[in-house]
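Student: Before I ask anything, here is the structure I am working with.
The values are calculated or read from the model by the stated rules, or taken from the named source; none is laboratory data. What you are looking at is a predicted structure, and each value in this text was computed from that prediction instead of being measured. Note that we place each Cβ from the backbone using ideal geometry, even for glycine, and neighbour counts take in every protein chain shown. Protein only, heavy atoms only, side chains kept; ligands, DNA and RNA dropped before computing areas. Shrake-Rupley method; radii C 1.70, N 1.55, O 1.52, S 1.80 Å.
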Amino acid sequence: MILPLVALLLLGPPARTGPDLRLWYRQPAEGWNQALPVGNGRLGAMVYGRTADETIQLNEETLWSGGPYDPVVPGAWRALPEIRRLLFSGDIAAAHDLFGRSMMGRPYEQMKYQPLGNLHLTFPGHQRATDYRRELDLDAAVARVEYTVDGTRFVREIFSSAPDQVIVIRITASTPGAVSFTAALEGARNQAHSNYGTDYFQMDGVLPGTLRLSGKSSDYLGIEGRLRYQTDVVVRAEGGSVKVGRRTLTVSHADAVTLILAAATSFVNYHDVSGDPATRVAQVLAQAGARGYRELKQAHEAEHQGWFRRVDLQLGSGLAEADSLPTDLRIKRFATAPDPGLLALYYQFGRYLLIASSRPGTEPANLQGIWNDNSNPWWDSKYTVNINLPMNYWPAESGNLAELVGPLEKLVGEVAEAGSETAREHWAARGWVLHQNTDLWRSTTPMDGPSWGAWPVGGAWLMTNLYERYRYSGNRADLERIYPLLRDQTRFLLDILVADPKHGWLVTAPSNSPENFPGWPGNGLFFDEVSGSELTARTMVAGPTMDMQIIREVLAEFDEAATGLQRDSALVAEARAARPRLAPNQIGRHGQLQEWLDDWDEIEPDHRHLSPLWGLFPGREIAPESSPALAAAAAVTLTRRGTGGCGWSYAWKAGLRARLYDGPAALEQLRALLTRSSLPNLFSLCGRALQVDGNFGATAAIAEMLLQSQQDEIHLLPALPAEWASGSVAGLRARGGFTVDLAWADGRLTEVQLQASQRRRVVVLAKGAMGVTAGGHRVRFERVGPDRIGFTAEAAVRYRIGFPSGRP
Ligand code: FUC
């Protein structure tokens, strides 16, 4: 049998380099918020693309304030019985204050992610530039700036190479000898905090052609800044001359120039900072210095494309003119006109950002990925766990980037180690705990103040992220690796659960439903003695809905894992006994899914967090088919929350709408994200700054609109909006070890191909599915229900599902 054309197109790795994979602009960035990001997981740069005075802002992911520290308060658990007594007796103010006095980590806050510095390139006379264009090519992971001065075309290319661990800048001109500029490498110091003053750097020109920046991180909150760092920029000019001054380097009349930048800190791991940045930089430069520009670029592109090209998404532009518009104008236009292609670009930008900020062996992507120019960044640019860090990793599995979750797995392993002392001293519990935030130093205690920090299920949430890797791959090795973390988290949860006096249900206490204020009578403005500030209201409660949903999921995962691996039967019995006693989901008087044990309203009805909806997305215990009443209640809660918030909240709402199979509402949420809470460089916004979680959450939501697999079947096009009438996607992953390609036209599937990594039965929910073939031969299948077919997939065989509307 001859495979249809579409099938042939879908076979083999997708390779797309068209304009639809570029962000581009007709003017340089006005500031950091318009600059374009490149990164290799460790070294990040934001490229402004200015003609006469180029700025390339630099980051190295391990440059943080402070050094190794232990915030645990020995014996903090002694206050716990009294805090619980006060909480259950209704004296929440006293419970809150006692938590603040006895259970907060010391210091109360955590360390900050720091900028490394800026590379400035000054080109005399280039103010006169014309025919300007700058772009970020997502497929090549190269930022490019082009313009003309006096008839000469200048081109700059910038990329951050993972294979060579350097940032490379190439400057060429269409006229020989036309490249002349001065380079300066400037450090960054915190000038806004008087308690800093302990960070310093120095800038040196080093013969024959190097600029060097070396320095030390800042002390913060009494924690000594113990990181040393060094950045070297080596210049290689073709023709012309290079002069190194005390602090600057000047290239005159070269034909072309390559700048190679290496940077390192003394960070070894969260309790060891004894590395030598100078040796690290020298080693990297010796290796990269031996390679020509073309070689460096080819190695970089090949490595990047090994990740990036695993998924190809085509949603069509809908309008030819959209593709020819610069990205900033396209975003503005999207507020009132359809542009599916912009969302395909946005999806791939999310995958690009994950590849650029989280690689095997690096730190996980923080609140800003790895891109930060501010010594006092919003929320310290650290790891917030009550939505942000988990959301960063939502797109990884479906987006065929599972290995990029490795850094999160490493972080969880380290917080489990550090958090076992916190579990013992703050909760008198076995296992390990992570509260609302962590940093490079793996602080695990409650922080900021009881309103945020009194939330003991951060580690449990992250465990569910890690378990997804196993669900998607079906590989026992993925389960074995995380099993000890899951077992010890289960121990912690079982130890902290207590019976609430009213119902006898097992609950967490104290805790909160992240950052939302319950409207119990009298709750309102108060002065908090830990944060030293006036706060909207108290958040402390027992047994918030999200905690219970997360704990139900973790206990079920542990049960499945331990039973499958035949381990820890006594703990399995403990988990099984606890599970039915956990406080259940409840439907409140508005028909909403209740956020707390009691049916309180929210003080801020449109609060940005969607905590009680965790069980719908990213969790899976609520679904329109298996629990229609709860799904309907979740929809009520979602609608009551409105469509606003900040970047990540828009993204979460899009994913939730997709799980309710409401494609149009999911699309409207994405439109709102792009047009109301994003920057011209497509970065999502929270407050006044980039927060990369919104990008990652929306990337995951787009995948959820096309394919879902959380209910043990592969559901195709579950939330397709009419605007995406035709399209195709290749390389999406589904739980169970499947890779799926699909194409649709007029809103109907025309072609589906599916491949399993191991032999496995699969149920596919696809409207109109007619039959299954493999290599042109019919495959036995059963009709499992309306639009559902089931069959056994053999490993590595490509199956094709046929549809009446498929092309001949
Ligand atoms: C949570 C959110 C904020 C912000 C911060 C980093 O506290 O409520 O909106 O995203 O994390």
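Student: By the gyration tensor of its Cα atoms, with a ≥ b ≥ c the square roots of the eigenvalues, what is the shape of segment 163-212: rounded for a/c under 1.5, prolate for a/b over b/c, or oblate? Numbers along the way, then the final one.
Tutor: On the way: a/c = 2.57, a/b = 2.38, b/c = 1.08.
Prolate, because a/c is 1.5 or more and a/b exceeds b/c.
Student: While we're here: May I have the convex hull volume per residue, in Å³, for the Cα set of the chain? Don't jump to the answer; show the numbers that get you there.
Tutor: Numbers: hull volume 128.2 nm³, N = 808.
About 159 Å³ per residue, rounded to a whole number.
Student: Which listed residue (I83, A793, A766) has the Cα farthest towards the positive end of the charge dipole for the chain, taking +1 on Lys and Arg C-beta and -1 on Asp and Glu C-beta about the Cα centre?
Tutor: Final value for the positive-end residue is A793.
Student: Report, in debye and to the nearest 20, how large the dipole of segment 480-565 comes out about its Cα centre when Lys and Arg carry +1 and Asp and Glu carry -1 on their Cβ.
Tutor: On the way: 6 positive and 13 negative charges, 36 e Å.
In total the dipole reaches around 180 debye.
Student: Let me have the relative contact order for the chain, percent, based on Cα pairs under 8 Å that are six or more residues apart. If you can, show how the numbers build up before the last one.
Tutor: Values: 1939 pairs, mean separation 97.1, N = 808.
Reported as a whole number, the value is 12 percent.
Student: How do S218, S102 rank by accessible surface area computed with a 1.4 Å probe, from largest to smallest? Could you put the intermediate results ahead of the total?
Tutor: Details: S218 0, S102 25 Å².
The ranking, largest first, comes out as S102, S218.
Student: Next question. Ranked highest first by average number of other Cβ atoms within 10 Å, how do 693-701, 236-244 line up? Can you show the working numbers first?
Tutor: Details: 693-701: 29.9, 236-244: 15.7.
Result, highest mean first: 693-701, 236-244.
Student: What percent do you get for the relative contact order of segment 443-567 when only Cα pairs under 8 Å and 6+ apart count?
Tutor: 30
Student: Of K216/K382; K653/K767; K243/K297; K502/K653; K243/K382; K332/K410, which sit over 30 Å apart, Cα to Cα? Kindly include the intermediate steps, with their values, before the conclusion.
Tutor: On the way: K216/K382 19 Å; K653/K767 25 Å; K243/K297 26 Å; K502/K653 33 Å; K243/K382 40 Å; K332/K410 40 Å.
Distance filter (> 30 Å) returns K502/K653; K243/K382; K332/K410.
Student: What is the distance, in nm, between label points placed 7 Å from the Cα along the Cα-to-Cβ direction at E560 and at S626?
Tutor: 0.8
Student: Next up: With the other protein chains left in place, how much accessible area per residue, in square angstrom, belongs to the chain at a 1.4 angstrom probe?
Tutor: Values: 27440 Å² over 808 residues.
I get 34 Å² per residue for the chain.
Student: Test of understanding: what is the full-extension gain from S274 to K332, defined as 0.36 nm times their sequence separation minus their Cα-Cα distance?
Tutor: On the way: separation 58, 0.36 × 58 = 20.88 nm, distance 4.89 nm.
Residue separation times 0.36 nm, minus the Cα-Cα distance, leaves 16.0 nm.
Student: Sticking with this one: Given the protein chains as shown and a 1.4 Å probe, how many square angstrom of H715 are accessible, to the nearest 10?
Tutor: Surface accessible to solvent at H715 totals approximately 30 Å².
Student: Got the relative contact order for segment 134-228 handy, in percent, Cα pairs under 8 Å and 6 or more residues apart?
Tutor: Values: 145 pairs, mean separation 13.6, N = 95.
The normalised contact order for segment 134-228 reaches 14 percent.
Student: Let me ask something else about it. For a test of the definition: using alpha carbon positions, the gyration tensor, and the 1.5 limit on a/c, classify segment 81-159 as rounded, prolate or oblate. Intermediate values should be presented prior to the final figure.
Tutor: Working: a/c = 5.22, a/b = 4.07, b/c = 1.28.
It is prolate, given that a/c is not under 1.5 and a/b is the larger ratio.
Student: Taking the Cα centre of each part, how many Å lie between segment 214-239 and segment 526-595?
Tutor: Segment 214-239 and segment 526-595 have Cα centres separated by 43 Å.
Student: Among rounded, prolate and oblate, which fits segment 95-212 when a ≥ b ≥ c are the square roots of the eigenvalues of its C-alpha gyration tensor, a/c under 1.5 means rounded, and a/b larger than b/c means prolate?
Tutor: prolate
Student: Please compute the net charge surrounding E82, taking Lys and Arg as +1 and Asp and Glu as -1 over other residues with Cβ under 15 Å from its Cβ. Let's see the in-between values first.
Tutor: Numbers: positive: R78, R84, R85, R101; negative: D91, D97.
Residues near E82 contribute +2 overall.
Student: Could you compute the FRET efficiency for S726 and R783, with r as their C-beta to C-beta distance and R0 at 22 Å, rounded to 0.05? Write down the numbers at each step before the final one.
Tutor: On the way: r = 27 Å, r/R0 = 1.23.
The pair S726/R783 has a calculated efficiency of 0.20.
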